[in-house]
Amino acid sequence: MSSTNNTSISLAIIQLQSGFYYSSLILGFILFIGGVLGNILNIIIFIKVGNYKNNACSLYMFVRTFLDLYILFTGLTTRILTTGFQMDFTLINRIWCKTRSGFLDITIICTYTLICLQAIDACICSSPSVVVRQKSNIRIARYLILGTLCFCFIHEIPYFIFQDLVIIGGTPMCITTNTIYAQYHIYVVSLGIVTISPITVISIFGFLTVRHMKTIAVTRTLSSFTRQTISMVLFQIFAVLVFNGPFTAWTIYSLSTTNAVKDTYRRVVEQLITSFAANYAYGPYASSFYCYCLSKRFRNQLLTSLKELVCGIHTNQVFPNTQRSGTRT
């Protein structure tokens, strides 16, 4: 009887592994291909459309686009190679072990900080107070971006020191050699800075922005471009909550049940869900373009920019008008 139960459990584990393997691989490829294409189109639009260069919120979006591309190329590709093809270069190359996750953490923290700044700026721009709306300017945004990059680099310096490739029981492992810093990185960085804090900040300021936009007096005083950027930010906030919310819940569950006694089936299931959730968490870095496309004005700007880039059609070009007297206007 016990052998029959063991056989059925083994078959169930194999089926689960097969299902999660293909679903994680397909999800990874979809996020990578769609994310890279979308971020490249974002760069084209932000460069082509002049309004985006003088707006604080769009500046956060523009800088985030490059960070998201780096995360997809450095983080998601290695995840696909590890889970789908069993090719983990962190277990082969010591330099890659020490630098891969460190630089990835820098860009991820910067990305979520910029997302929070987007939400705060959208709330400021939609404020009923004219004085508050004037607090949003491009000069402050540049200082905040520069300060965020410097802080993240300084914050991750210990990671480059303590992360190393070691041999444990004949098996190479890329781990953090300092136990205290390892706990700090798990509970403060992974759980606090990257997951709980961004969700809390964007939820609060997103709610305030929606409440501001329901006021007719406010929406009438805002320019069409400001309303567009606010809507783009709100769509991005929704995407972050969709992708980061389940990942945060699963991270909390995993950490709270670390010391619990688990059978083989439960351990396998949790490992598979963790692997799938790790790929699913790359959604915010791949979805920004598609969130922005929910704005009709952004779609029109996309078509115009592509026409200018591919066909050389300049729809906004102005030609001089020559009058009969020979003068130009």
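Annotations for the structure displayed:
- Top-ranked residue of the range 37-57 - restricted to ones that are modelled with pLDDT under 90 and of a type in the set (S, T, N, Q), ranked as nearest to G283 (Cα to Cα): N55
- The listed residue being over 15 Å from the mean Cα position of the chain (by Cα), farther than 30 Å from Y70 by Cα and either among the acidic types (D, E) or modelled with pLDDT of 75 or more (or both), out of I14, I9: I14
- Given (1) surrounded by fewer than 14 Cβ atoms within 10 Å (Cβ to Cβ); (2) closer than 22 Å to C110 by Cα, index of the condition F62 fails: (1)
- Any chance I199 is among the hydrophobic types (A, V, I, L, M, F, W, C), at pLDDT below 90 and farther than 15 Å from D121 by Cα: no
- For I216: the one exception among (1) closer than 26 Å to S287 by Cβ; (2) modelled with pLDDT under 85; (3) among the β-branched types (V, I, T): (1)
- Note on the range 85-107: among residues that are more than 21 Å from T171 (Cβ to Cβ) and of a type in the set (S, T, N, Q), the one that is modelled with the lowest pLDDT is T99.
- Restricting Q236, Q228, Q271 to those that are under 26 Å from the mean Cα position of the chain (by Cα) and either under 19 Å from I40 (Cβ atoms) or modelled with pLDDT of 90 or more (or both) reduces the list to Q236.
- Restricting the range 74-90 to residues that are closer than 17 Å to F160 by Cα and surrounded by 15 or more Cβ atoms within 10 Å (Cβ to Cβ), the residue that is nearest to the chain's Cα centre (by Cα): G75
- Residue list for the range 189-234, restricted to those being part of a helix (DSSP H, G or I), over 30 Å from A277 (Cα atoms) and aliphatic (A, V, I, L, M): M213, I216, A217, V218
- Residues that are within 30 Å of L25 (Cα to Cα), among the small types (G, A, S) and in a helix (DSSP H, G or I) within the range 276-314 comprise A277, A278, G283, A286, S288, listed in sequence order.
Yes or no, residue by residue, for (1) in contact with a Leu (Cβ under 6 Å, 6 or more places away or on another chain); (2) in a helix (DSSP H, G or I); (3) more than 19 Å from I196 (Cβ to Cβ):
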| residue | (1), (2), (3) |
| --- | --- |
| Q236 | no, yes, no |
| F243 | no, yes, no |
| F247 | no, yes, no |
| S254 | no, yes, no |
| T258 | no, no, no |
| R267 | no, yes, yes |
| E270 | no, yes, yes |
| T274 | no, yes, no |
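- Test: A182 is among the small types (G, A, S) and under 24 Å from S231 (Cβ atoms): no
- For beta carbons closer than 8 Å, sequence separation of 6+ or different chains, a first residue in the range 173-188 that is within 15 Å of T251 (Cβ to Cβ) and a second that is in a strand (DSSP E or B), the qualifying pairs are H185/T176.
The values are calculated or read from the model by the stated rules, or taken from the named source; none is laboratory data. Quick caveat, the model's predicted, so the values are computed rather than measured. Cβ atoms come from the backbone with ideal geometry, glycine included; neighbour counts cover every protein chain shown.
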